Amino acid sequence: MRSFAERALPRLLQLAAWLALSVIVFITVSPMEFRPHDIVQVSYDRALAFTILSALFVFAYPKQWLSVGVALTVAAGGFEFLQALSPSRHARPSDALVKAGGAVLGVVLARSLNVWRERRNQATERG
């Protein structure tokens, strides 16, 4: 029987992934004054946000890693399109590419970690 932690972790990861997506959508389409200001360059900020977002989704839905990658890569362009609808924001294809690159990086990193863990668990089970 699986422990409470083993049962709860996937749900927590799913909650974290959807919450992160909601925050990113809000920040992306809200007026500029709601955008958080940090010390890193904006391109790194965008890429890191999408790297973390896609990694969370891959950890939350490990069997759908390819769908996650495609969806978030397409979403990066969609979010930029939504910015074009806001009078205080500006959409740039280069920003969409940075976000898409971050999404791909997150998928690759999280998928690699998942595969490594699966192989390690299989080797441990074999003895």
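Descriptive notes on the structure:
- First in region 1-29 and under 13 Å from Ala49 (Cβ atoms) and touching a residue at least 24 places away in the same chain (Cβ under 8 Å), second anywhere and open to solvent by 50 Å² or more (accessible area, probe 1.4 Å) and assigned to a helix (DSSP H, G or I), Cβ under 9 Å, 6 or more apart: Ala17/Phe59; Ala20/Ile52; Val25/Leu82; Thr28/Leu82
- Among residues of region 29-68 being of a type in the set (S, T, N, Q) and modelled with pLDDT under 95, the one that is least open to solvent (accessible area, probe 1.4 Å) is Ser30.
- Boolean, Arg126 is within 28 Å of Arg7 (Cα to Cα) and either among the aromatic types (Phe, Trp, Tyr) or loosely packed, with under 15 Cβ neighbours inside 10 Å (or both): yes
- Put simply, of Ala71, Ala110, Ala96 the only residue that is among the small types (Gly, Ala, Ser), touching an Asp or Glu at 6+ places or on another chain (Cβ under 8 Å) and open to solvent by less than 80 Å² (accessible area, probe 1.4 Å) is Ala96.
- For region 9-55, a residue qualifies if it is part of a loop (DSSP other than H, G, I, E, B) and either touching a Phe, Trp or Tyr at 6+ places or on another chain (Cβ under 8 Å) or among the basic types (Lys, Arg) (or both), and exactly one does: Arg35.
So that you can scan it fast, the table gives a plain yes or no per residue for (1) in contact with a Ser or Thr (Cβ under 6 Å, 6 or more places away or on another chain); (2) not in a helix (DSSP H, G or I):
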| site | (1), (2) |
| --- | --- |
| Glu80 | no, no |
| Ser88 | no, yes |
| Ala103 | yes, no |
| Leu109 | no, no |
| Glu118 | no, no |
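- Subset of region 74-93 (residues that are farther than 16 Å from Val23 by Cα, open to solvent by 60 Å² or more (accessible area, probe 1.4 Å) and touching a residue at least 40 places away in the same chain (Cβ under 8 Å)): Leu85
The values are calculated or read from the model by the stated rules, or taken from the named source; none is laboratory data. Note that the structure is a prediction, hence the values are computed from the model and not measured. Note that each Cβ is placed from the backbone with ideal geometry, even for glycine, and that neighbours are counted across all protein chains shown. All accessible areas refer to the heavy atoms of the entire protein, side chains included, with ligands and DNA or RNA removed. Shrake-Rupley method; radii C 1.70, N 1.55, O 1.52, S 1.80 Å.
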